[in-house]
Number of protein chains: 2
Amino acid sequence: MEDIEAEDRLLDAAETLFYGHGVQAVGMDRIRAASGVSLKRLYQCFASKEELVEAYLRRRDRRWRGALAAHVAAVPSAAVRPLAVFDWLEAWFGEPDFRGCAFINAFGEMGAGSAAVAEAARDHKAEVRGYLLGLVRAAGATDPEPLADQLALVVDGAITTAAVTGAPEAAARARDAAAVLLAAAGVTGVNTEGREKTRGKRSRATG
Amino acid sequence: MEDIEAEDRLLDAAETLFYGHGVQAVGMDRIRAASGVSLKRLYQCFASKEELVEAYLRRRDRRWRGALAAHVAAVPSAAVRPLAVFDWLEAWFGEPDFRGCAFINAFGEMGAGSAAVAEAARDHKAEVRGYLLGLVRAAGATDPEPLADQLALVVDGAITTAAVTGAPEAAARARDAAAVLLAAAGVTGVNTEGREKTRGKRSRATG
DNA sequence: ACATCGGGAGAACGCACGTTCTCTCGATGC
DNA sequence: GCATCGAGAGAACGTGCGTTCTCCCGATGT
């Protein structure tokens with residue numbers, strides 16, 4: 001049963017270090033030092049670095065989507081819920097250790113070399129798109145499938161732009177774009193200016 | 001004068017290898033082997049790997065934007081020229097060695113560790129946004145600045161989505177979104193359906 | 001013909017990686 | 001009290017990195 005505590009500590013260290021410095025730039029010994037777990041036990045929990053990387057990405061996917069969904073679910077109106085996604089993004093972008101999308105970063109670093117990483121990134125994107133699809137469907141969009149695709153594009157664009165430029169305001173630009181796309185898809189009850197509707201108490205994002 | 005030929009050969013090899021496999025995954029010896037330039041000369045041309053990486057990114061920025069601009073300039077109507085960007089993207093996404101945005105990939109891999117790489121990525125994004133701004137301004141958009149931001153987001157989203165999913169159709173979804181955003185910004189002469197207007201002879205993208 | 005120089009090939013160096021192995025020590029069973 | 005076991009600490013191993021150094025050869029000037 002201590003095994004699962006060791007696993008948690010390892011994944012915590014892996015997430016901080018891999019996300020903060022890149023996968024290839026962080027060695028197994030650094031994860032041992034940060035987690036306090038012996039190297040022997042590390043290799044008992046995860047047979048190789050690639051296995052640890054995959055576990056890190058899978059857990060991060062669950063936590064990231066969970067935090068996003070928790071924030072969005074707190075918005076009462078289904079019509080504005082899709083826009084609340086971008087408020088959560090803005091809070092995330094403002095966190096000091098924000099460094100872009102963990103999945104895009106890992107994929108860019110090793111996509112060609114690691115099938116497990118490529119699949120984790122693909123799965124994450126598919127899950128996010130599915131989540132957005134549910135939101136726009138509940139918001140009453142006509143033809144929700146292409147709208148979900150469009151919002152997913154805008155979300156990814158906002159994340160990468162915010163990462164490279166270091167400017168969290170990319171979220172606001174993305175929100176504006178999303179409002180236009182939603183209105184064009186027949187989602188009513190959303191006026192482009194009425195941002196304060198989804199502002200206010202903002203649960204802390206999980207990075 | 002052979003020096004500039006050696007430099008070109010080195011940058012060609014660097015671009016193929018760094019873009020295809022990631023920066024950290026490619027060693028200097030592999031670039032020497034692929035370029036046919038001796039290691040001594042390599043270090044005469046570029047004093048360190050970081051210098052070579054930066055030169056690779058700077059040259060790629062010029063070539064990438066040049067190829068995009070050449071394709072877009074061939075479109076007669078200023079109003080549809082912004083949409084032609086996405087046709088060029090679609091052709092690029094379909095190339096067999098497409099692996100996403102070189103700048104986002106390099107930034108995700110080393111952004112925290114290399115100021116030169118981070119700056120090259122930031123500069124590239126700024127240049128692209130400036131180019132889009134010129135396009136939407138010429139297309140007659142009201143308030144072109146935020147529209148340029150929005151289109152830049154959509155472009156980045158399309159690139160990363162196409163890279164991770166491997167589906168070039170992300171460009172078509174992005175084009176649809178861009179058409180909606182352009183129409184909302186008062187650019188006339190663009191109907192969302194009329195895609196064939198910018199299709200047709202399509203100059204080969206440069207990767 | 002011969003000294004001089006530049007450049008190519010690749011060995012060498014110091015380091016860090018992922019992974020495995022060894023040694024030691026403290027807890028447990030009888 | 002003593003044998004047994006599991007686990008922690010970290011040394012060891014093989015490899016590959018970025019970078020520098022050595023050696024050798026062919027071209028050139030006189």
Choice from B:VAL164, B:VAL80, B:VAL187 showing the highest fluctuation, given a GNM over chain B with Cα pairs closer than 10 Å: B:VAL164
State, to one decimal in nm and shortest first, how far the label point of B:GLU119 sits from each corresponding label point in the other identical copies (label point: 7 angstrom along Cα-to-Cβ). 4.2
Candidates A:ALA177, A:ALA14, A:ALA33: whichever shows maximal mean-square fluctuation once chain A is modelled as a Gaussian network with Cα springs under 10 Å: A:ALA33
The stretch A:150-179-the stretch A:1-68 distance, computed between alpha-carbon centres (Å): 28 Å
For chain A, set up a Gaussian network in which alpha carbons nearer than 10 Å are linked by springs, and say which option among A:ASP156, A:ASP29, A:ASP123 fluctuates the most. A:ASP29
Average Cα contact separation per residue, the stretch A:1-47, under 8 Å, 6 or more apart, as relative contact order %: 45 percent
Quick one: compute the contact order of chain A, relative version, from alpha carbon pairs under 8 angstrom and 6+ residues apart, as a percent. 25 percent
Within the stretch A:50-69, whose backbone N sits under 12 Å from a point 7 Å along Cα→Cβ of A:ALA126? none
For A:GLU95, label point 7 Å along C-beta direction: distances to other copies, nm: 3.6
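Strictly over 28 Å apart at the Cα level, which of B:LYS49/B:LYS125; A:LYS40/A:LYS125; A:LYS125/B:LYS125 would you flag in this model? Please report the intermediate quantities before stating the final value.
On the way: B:LYS49/B:LYS125 23 Å; A:LYS40/A:LYS125 34 Å; A:LYS125/B:LYS125 23 Å.
With Cα atoms farther than 28 Å apart: A:LYS40/A:LYS125.
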Compute the label-point distances linking B:ALA167 to its equivalents in the other copies; points lie 7 Å from Cα along Cα→Cβ; give nm, one decimal, shortest first. 3.1
Given an 8 Å cut-off on Cα distances and at least 6 residues of separation, report the relative contact order of the stretch A:75-165 as a percent. 38 percent
Can you tell me the accessible area per residue over the stretch A:1-47, all protein chains present, probe 1.4 angstrom, in square angstrom? 55 Å²
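What's the FRET efficiency of A:MET28 with A:GLU119 using the Cβ-Cβ distance as r and R₀ = 30 Å, to the nearest 0.05?
0.85
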Simple spin-label estimate for A:ASP97/A:ALA74, 7 Å along Cα→Cβ, in nm, reads 2.1 nm
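Is there a simple number for the mean count of other chain Cβ atoms within 10 Å of the Cβ of residues in B:116-128, and what is it? Spell out each step's value before the answer.
Values: counts 0, 0, 2, 0, 0, 4, 4, 1, 1, 4, 2, 0, 0.
Partner Cβ neighbours, averaged per residue: 1.
The values are calculated or read from the model by the stated rules, or taken from the named source; none is laboratory data. The structure presented is a predicted model; accordingly, all values stated were derived computationally and were not measured. Cβ sites come from the backbone with ideal geometry, for glycine too, and all protein chains shown count toward neighbours. Accessible surface is based on the protein model in full, side chains and every heavy atom, while ligands, DNA and RNA are left aside. Shrake-Rupley method; radii C 1.70, N 1.55, O 1.52, S 1.80 Å.
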